[in-house]
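Written out below as structure tokens is the structure these notes cover.
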């Protein structure tokens, strides 16, 4: 599924670049490469970009995952746990220390 997401994202990026070129320069890159807007191959590219955009709408509503689960490794986040409710508290006073005797 991860490969499908990457392919969809790449096609959406291609579509965004193409729309940017159309908006800024009135130049349709897909039509220029594949032989015009009505060419069958151009229509396939347009259709794939459209389907990828619809697929990415679903990705927009997925919950955000933790960065460590995205990379597939257990990265520590430098969060210190100060809780002691499940362990015994240590006594740091040394009874054998002569300084503690009166």
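Here, each number is a calculation from the coordinates, and none is a lab measurement. Quick caveat: nothing in here was measured; it's all calculated off a predicted structure.
Given contacts defined as C-alpha pairs under 8 Å and at least six residues apart, what's the relative contact order of segment 2-63, whole-number percent?
38 percent
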Legend entry - Rg/Rh (Cα only; Kirkwood hydrodynamic radius) as it applies to segment 2-63: 1.03
